[in-house]
1. Would you check if there is a residue in segment 169-181 being within 22 Å of Gly260 (Cα to Cα) and among the hydrophobic types (A, V, I, L, M, F, W, C)?
2. Which residue out of Lys18, Lys42 is part of a loop (DSSP other than H, G, I, E, B), assigned by TED's automatic domain parsing to the domain that holds Tyr160, within 22 Å of Gly203 (Cβ to Cβ) and in contact with a Lys or Arg (Cβ under 9 Å, 6 or more places away or on another chain)?
3. State all residues of segment 266-291 that are closer than 26 Å to Asn85 by Cα and surrounded by fewer than 21 Cβ atoms within 10 Å (Cβ to Cβ); if no residue qualifies, say none.
4. Do we have Met132 as of a type outside the set (Lys, Arg), surrounded by fewer than 24 Cβ atoms within 10 Å (Cβ to Cβ) and in contact with a Lys or Arg (Cβ under 8 Å, 6 or more places away or on another chain) here?
5. Residue by residue through segment 215-256, note down the ones that are under 23 Å from Leu295 (Cβ atoms) and not hydroxyl-bearing (Ser, Thr, Tyr).
6. Could you grab me the full set of residues in segment 186-220 that are under 13 Å from the mean Cα position of the chain (by Cα) and surrounded by fewer than 19 Cβ atoms within 10 Å (Cβ to Cβ)?
Amino acid sequence: MKDFPILDKKDTRSGFGKGLYEAALKNPNIVALCADLTGSVKMDEFAKAFPDRFYQMGIAEANMIGVAAGLATAGKIPFTGTFANFSTARVFDQIRQAVAYSNKNVKICASHAGITLGEDGATHQTLEDIGMMKMLPGMTVVVPCDYEQTRLATLAVAEYEGPVYLRFGRPKQVVFTTAAQDFVIGKAQLLDVGRDISIFATGIMVWEAIQACKKLEEMGIDAEIINIHTIKPLDNHAILNSVKKTGCVVTAEEHQINGGLCDSISQLLCREYPVPVEAVAIFDQWGQSGTPDELMKLYNLTSDAIVNAAVKAIQRK
């Protein structure tokens, strides 16, 4: 398989902060709104550079979404920032009514997603957000895999017309992509070609999929790895091309199995090309307090879990 050297270790929220700053340098219509978490969601560089384009909304997330919708109506490109839980569950009604229904050009940027939020526990960890957002008609859902891809995704989101949900996280993660990569919303990223099984991963699980691919290679299994950084719109063409070659699938995500990546891919395959599918995800459970590494192991969001799922899928061919 291809070699994916570790280039650095950075948190994806910092990739968002850098991308937002760079996008704002190019486009004076970009504004940012934050719900009292400027440092946590890495909006501080933007706030310092563009104080007249930054709005500190306080702990009033619903109002923040409403203000963002109003700014979009006036021709601005608003980026909202807070934790993923507060970006979705707390303000779902406002997003549905004020943003999605009227197709406002609002960018909902959600940090501290998934169980890797860690010690803050179940009330702050969000494992349902992808499902909530992708169910809204017209909403685009983007989940990049590392710091560099999050930076590029933020730049792409700034140029994209329409509502977007951009998901990223708190802890430092391996950086293995580069600034030279192409990032196109809705276009899956083929990381490695294989013939025996297709592994579709999103977010931080992409690195786990790469590690799994190495272990599978030692077992004589040739895996194809595809990074689904855009869950909606889904790259149906790339998925079907891969599956028609390999005949079986593993999906990997830091999200509930209900409503997430596995749900989207399984729906596509049920309609177009039914094959065995195994999932690495959270199976109808709440999160809990612990370090990110402890929780990833506890909920089986690991490369070993992907390997085991791959073996099961291949046996079901």
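1. First, pick out the residues of segment 169-181 that are within 22 Å of Gly260 (Cα to Cα): 169-171, 173.
Adding the requirement that they be among the hydrophobic types (A, V, I, L, M, F, W, C) leaves none.
No: segment 169-181 contains no residue that is within 22 Å of Gly260 (Cα to Cα) and among the hydrophobic types (A, V, I, L, M, F, W, C).
2. Numbers: Lys18 fails: part of a loop (DSSP other than H, G, I, E, B).
Result: Lys42 is the single residue among Lys18, Lys42 that is part of a loop (DSSP other than H, G, I, E, B), assigned by TED's automatic domain parsing to the domain that holds Tyr160, within 22 Å of Gly203 (Cβ to Cβ) and in contact with a Lys or Arg (Cβ under 9 Å, 6 or more places away or on another chain).
3. Filtering segment 266-291 down to residues closer than 26 Å to Asn85 by Cα leaves 266-267, 279-291.
Hits for segment 266-291 are Ser266, Gln267, Phe283, Asp284, Gln285, Trp286, Gln288, Ser289, Gly290, Thr291.
4. So Met132 does not fit the description; no.
5. The first filter runs over segment 215-256 and keeps only residues under 23 Å from Leu295 (Cβ atoms), leaving 215, 227-229, 231, 250-256.
If the condition is that a residue be under 23 Å from Leu295 (Cβ atoms) and not hydroxyl-bearing (Ser, Thr, Tyr), then Lys215, Asn227, Ile228, His229, Ile231, Val250, Ala252, Glu253, Glu254, His255, Gln256 are the ones that fit.
6. Within segment 186-220, Gly186 is the sole residue that qualifies.
This table checks each residue for (1) out of contact with any Cys (no Cβ under 8 Å at 6 or more places or on another chain); (2) buried (at least 21 other Cβ atoms within 10 Å of the Cβ); (3) of a type outside the set (D, E, K, R).
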| residue | (1), (2), (3) |
| --- | --- |
| Thr230 | yes, yes, yes |
| Ile239 | yes, yes, yes |
| Gly247 | yes, no, yes |
| Glu254 | yes, yes, no |
| Leu261 | yes, yes, yes |
| Ser264 | yes, yes, yes |
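Okay, residues lined up against (1) out of contact with any His (no Cβ under 6 Å at 6 or more places or on another chain); (2) closer than 19 Å to Tyr147 by Cα; (3) surrounded by fewer than 18 Cβ atoms within 10 Å (Cβ to Cβ); (4) not assigned by TED's automatic domain parsing to the domain that holds Arg151:
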| position | (1), (2), (3), (4) |
| --- | --- |
| Lys2 | yes, no, yes, yes |
| Leu25 | yes, no, yes, no |
| Cys34 | yes, no, no, no |
| Ala49 | yes, no, yes, no |
| Ala60 | yes, no, yes, no |
| Ala69 | yes, no, no, no |
| Gly75 | yes, no, yes, no |
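The values are calculated or read from the model by the stated rules, or taken from the named source; none is laboratory data. Everything numeric here is computed off the predicted structure, so don't read it as measured data. Methodologically, a virtual Cβ is constructed for each residue, glycine included, from the backbone with ideal geometry; neighbour enumeration extends over all protein chains shown.
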